[in-house]
Amino acid sequence: MNKLNGKTVLITGGSSGIGLATAKLFSAEGARLAITGRDPERLAAAKEQLGGDTLTIASEAGCLNDIETLLSQVKQHFETLDVLFLNAGVAEPTPLEMATEEQFDHIMRVNFKGVFFTIQKALPMLNPNASIIVTTSITNRSGTPNFSIYAASKAALRSLVQSLALTLIGRGIRVNAINPGPIDTEGFNRLPLPGEVFQAIKDDIEARSPIKRFGAPDEVAKVALFLASDDSAYVVGEEIVVDGGMTLVCLP
Ligand SMILES: NC(=O)c1ccc[n+]([C@@H]2O[C@H](COP(=O)([O-])OP(=O)(O)OC[C@H]3O[C@@H](n4cnc5c(N)ncnc54)[C@H](OP(=O)(O)O)[C@@H]3O)[C@@H](O)[C@H]2O)c1
């Protein structure tokens, strides 16, 4: 199994959840990896799991200075990139009457603005036939009242993926998205909600899900591998839903 043999990969938000599961799978498939996160302890723990060759860089996904520093470090290490997986994201509840401008700006900066500028600034180091993958969310199709800013940031990403797919396919670079439903990650389990509210949300999701369970991070990682590898050579500007059928019952 060497679908990514020798390929160079940068995964933002690679220290936990979907990003870490993807990093493990890509590494097993022969990739050379750089991952980012913010929390130094989580980054160190990820490095231990992934092996000493993995480049781990603390970098704020919504900060343009950090993005430039990150990419210059990756360039120094790898020279060029074959796969750019833009997965770092922030999810927090923002009920309409309580949301602040600070929350709005933070969510949009990390989930949308950071992705746009990481792609822009990584462009000179992307190899021909590179694959760019962006993590969106099924909330970008279904309407999510208490997470409206998050959902809108992920809807903006869906549009961005389509536009940039057309912009970049002439250079041989494919841009696609993974659209996860409820996935049992550290991030999901850290959502800032009171315990009983959080449990009620989990129970409700499981009850409504056609597959009756949360997804596992490695079930998303396998789709990321498909999009990263030549197996998806003819897939351009797509958003692949990985949700156990959730959008089938969520959509009006
Ligand atoms: N889990 C779900 O149900 C679900 C559903 C749909 C979409 N998603 C999307 O999937 C992606 C991964 O989420 P996850 O559930 O795997 O979460 P997770 O377990 O919390 O992992 C998130 C990763 O992103 C990093 N990160 C978060 N904010 C960052 C920032 N501002 N700058 C740099 N790195 C940052 C985290 O690093 P630190 O821990 O150091 O901050 C961590 O490595 C996100 O884009 C999320 O919106 C998740």
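Any read-out appearing in this document is the output of simple, stated calculations on the displayed coordinates, not a laboratory observation. A quick note: this is a predicted structure, and the numbers were derived from the prediction, not measured. Methodologically, a virtual Cβ is constructed for each residue, glycine included, from the backbone with ideal geometry; neighbour enumeration extends over all protein chains shown.
Mind sorting 234, 150 by how few other Cβ atoms lie within 10 Å of their own Cβ, fewest first? Each step should come with its number before you reach the end.
Values: 234 7, 150 23.
Fewest to most other Cβ atoms nearby, the residues stand as 234, 150.
Just to check I understand the Karplus step: with θ = phi - 60° and J = 6.51 cos²θ - 1.76 cosθ + 1.60, what whole-Hz values come out for region 193-199, glycine and proline as x?
Values per residue, Gly and Pro as x: 9, x, x, 6, 5, 4, 5 Hz.
Rank these for me by crowding, 241, 161, going from fewest to most other beta carbons within 10 Å. Intermediate values should be presented prior to the final figure.
Numbers: 241 19, 161 24.
Lowest to highest Cβ neighbour count: 241, 161.
Between residue 100 and residue 201, what is 0.36 nm times their sequence separation minus the Cα-Cα distance? Round to one decimal in nm.
Details: separation 101, 0.36 × 101 = 36.36 nm, distance 2.31 nm.
Working it through step by step, the gained length comes to 34.0 nm.
Quick one: which residues, 5 or more positions from residue 8 or on another chain, have an amide H under 5 Å from its amide H? H modelled 1.01 Å from N in the peptide plane, none for Pro or chain starts.
For residue 8, the qualifying residues are 32, 82, 83.
Given 72, 183, 146, which one lies farthest toward the positive end of the charge dipole of region 8-250, if we put +1 on the Cβ of every Lys and Arg and -1 on the Cβ of every Asp and Glu?
In region 8-250, that residue is 72.
Based on other C-beta atoms within 10 Å, arrange 108, 98 from fewest to most. Walk me through the numbers before you get to the answer.
Details: 108 18, 98 9.
In increasing order of surrounding Cβ atoms, one gets 98, 108.
Which value results for Rg/Rh of region 63-177 when Rg is the Cα radius of gyration and Rh the Kirkwood radius based on the inverse mean 1/r? Each step should come with its number before you reach the end.
Values: Rg = 15.2 Å, Rh = 14.9 Å.
Rounded to two decimals, Rg over Rh is 1.02.
Rounded to the nearest 20 Debye, what is the dipole magnitude of the chain about its Cα centre when Lys and Arg each give +1 and Asp and Glu each give -1 at the C-beta? Display every interim value, and only then the final one.
Numbers: 22 positive and 28 negative charges, 124 e Å.
I would put it at about 600 debye.
Testing the spin-label approximation: label points 7 Å from Cα along Cα→Cβ at residue 236 and residue 193. State their distance in nm.
About 4.0 nm, to one decimal.
Have a look at 164, 33, 123 and tell me which one the Gaussian network model of the chain (Cα, springs below 10 Å) gives the largest fluctuation.
123
Under the rule a/c < 1.5 gives rounded, and otherwise a/b versus b/c splits prolate from oblate, where does region 209-252 land using the Cα gyration tensor? Write down the numbers at each step before the final one.
On the way: a/c = 4.15, a/b = 1.64, b/c = 2.53.
Oblate is the answer for region 209-252, as a/c is 1.5 or above yet b/c matches or exceeds a/b.
Tell me, what HN-Hα J-couplings in whole Hz come from the Karplus equation 6.51 cos²θ - 1.76 cosθ + 1.60 at θ = phi - 60° for each residue of region 149-157, using x for Gly and Pro?
Computed from phi, the couplings for region 149-157 are 6, 4, 4, 5, 5, 6, 5, 4, 5 Hz.
Beyond 29 Å, what share of the Cα-Cα pairs of the chain is found? Please give it as a whole percent. Could you put the intermediate results ahead of the total?
Values: 7806 of 31626 pairs.
Everything past 29 Å amounts to 25 percent.
Going by Cα centres, region 78-110 and region 161-187 are how many Å apart?
When both Cα centres are located, 15 Å separates them.
Please work out how much length the chain gains when fully extended from residue 1 to residue 92, using 0.36 nm per residue of separation minus the C-alpha to C-alpha distance, in nm with one decimal. Intermediate values should be presented prior to the final figure.
On the way: separation 91, 0.36 × 91 = 32.76 nm, distance 3.76 nm.
Contour length minus Cα-Cα distance gives 29.0 nm.
From the backbone phi of region 12-20, what are the Karplus-calculated ³J(HN,Hα) couplings (6.51 cos²θ - 1.76 cosθ + 1.60, θ = phi - 60°) in whole Hz, Gly and Pro given as x?
Coupling constants for region 12-20: 7, x, x, 9, 7, x, 4, x, 5 Hz.
What does the charge count around residue 244 come to, taking other residues whose C-beta lies under 13 Å from its C-beta (Lys +1, Arg +1, Asp -1, Glu -1)?
Details: positive: 208, 212, 213; negative: 184, 206, 219, 243.
My count for the surroundings of residue 244 gives -1.
Below 8 Å between Cα atoms, with a sequence gap of 6+, how large is the relative contact order for region 116-191 in percent? List each step's numbers first, then the result.
Values: 78 pairs, mean separation 30.3, N = 76.
Once divided by the residue count of region 116-191, the mean separation gives 40 percent.
Step through the table entries 24/154; 24/222; 113/202, compare each Cα-Cα distance with 19 Å, and write down the pairs that go over it.
Values: 24/154 25 Å; 24/222 11 Å; 113/202 30 Å.
Listed pairs above 19 Å: 24/154; 113/202.
Can you give the helix-only mean residue ellipticity at 222 nm for the chain, where every DSSP H stretch with n ≥ 4 adds -39500 (n - 2.57) and the sum goes over all residues, rounded to the nearest 500 deg cm²/dmol? Before the final figure, lay out each step's value.
Numbers: 11 runs with 115 residues, N = 252.
Calculated from helices alone, the mean residue ellipticity at 222 nm is -13500 deg cm²/dmol.
Which residue, chosen from 52, 198, 34, occupies the Cα position most advanced towards the positive end of the dipole of region 8-250, where the dipole is computed from +1 (Lys, Arg) and -1 (Asp, Glu) charges on Cβ about the Cα centre?
Selected residue: 34.
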